[in-house]
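Remarks on the structure that follows.
The values are calculated or read from the model by the stated rules, or taken from the named source; none is laboratory data. The structure displayed is predicted, hence computed values, not measured ones. In this analysis, Cβ positions are derived from the backbone assuming ideal geometry, glycine residues included, and neighbour counts consider all displayed protein chains.
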Amino acid sequence: MKFCWSTLRVKNLEESLKFYEEIIGLSVNNRFKAGPDIEIAFLGDGETKVELICHKNGGDINVGPDISWGFKVDSLDDMMKVVKEKGITIESGPVQPSPHTRFFFIKDPNGMKIQLVEQM
């Protein structure tokens, strides 16, 4: 069995795509209308994708505080500069739980916790 994708319902698809493309570095793999008020975008070049679903009349977005997505970065220090320049708040960290791993957390436009990780 393979993990295919993780889905996040979003308030504003354009804002979310901008975040995941510009900050996280994912590219849109597929984007389509799934009905008159629903649009879906899949991001990522690898085996596992991120699916963003925007339903114009979907109501509030409820992302749980105990869920996060982790993305590997080349340099944590460089990424911290990038997010600060973009006006994104660092929610926690940096943390170094072992000599080989450092990370910090930010949130996407919908409140999803995003962990940016450097593995040394």
Exercise. Based on what the data block shows, is E15 assigned to a strand (DSSP E or B) and surrounded by 13 or more Cβ atoms within 10 Å (Cβ to Cβ)?
Worked result: no
Exercise. How many residues are closer than 16 Å to C4 by Cα, in contact (Cβ under 8 Å) with a residue 12 or more places away in the chain and among the small types (G, A, S) when one looks only at the range 28-61?
Worked result: 2
Problem set entry | All positions within the range 46-82 that are out of contact with any helix residue (DSSP H, G or I) (no Cβ under 9 Å at 6 or more places or on another chain), among the β-branched types (V, I, T) and under 15 Å from S16 (Cα atoms) | I61, V63
For this session: Specify the residue that is surrounded by the most Cβ atoms within 10 Å (Cβ to Cβ); the eligible residues are those in the range 53-75 that are closer than 17 Å to I106 by Cβ and among the hydrophobic types (A, V, I, L, M, F, W, C).
Result: V73
Exercise. For the range 76-92, which residues satisfy the criterion of being surrounded by 11 or more Cβ atoms within 10 Å (Cβ to Cβ) and of a type in the set (S, T, Y)?
Worked result: S92
Exercise. What about V73, is it in contact with a Gly (Cβ under 9 Å, 6 or more places away or on another chain) and either among the β-branched types (V, I, T) or closer than 19 Å to V117 by Cα (or both)?
Worked result: yes
For this session: Exactly one condition in (1) part of a loop (DSSP other than H, G, I, E, B); (2) of a type in the set (V, I, T); (3) assigned by TED's automatic domain parsing to the domain that holds R102 is not met by V83; state its number.
Result: (1)
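If we keep just the residues of the range 92-115 that are outside any loop (DSSP other than H, G, I, E, B) and of a type in the set (D, E, K, R), which is farthest from L13 (Cα to Cα)? Before the answer, list the steps.
Filtering the range 92-115 for residues outside any loop (DSSP other than H, G, I, E, B) gives 92-98, 101-107, 113-115.
Those left that are additionally of a type in the set (D, E, K, R): 102, 107, 113.
Details: R102: 30, K107: 16, K113: 17 Å.
Result: R102.
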Problem set entry | Test result for I61, more than 30 Å from A34 (Cα to Cα) and either at pLDDT below 95 or not in a strand (DSSP E or B) (or both) | no
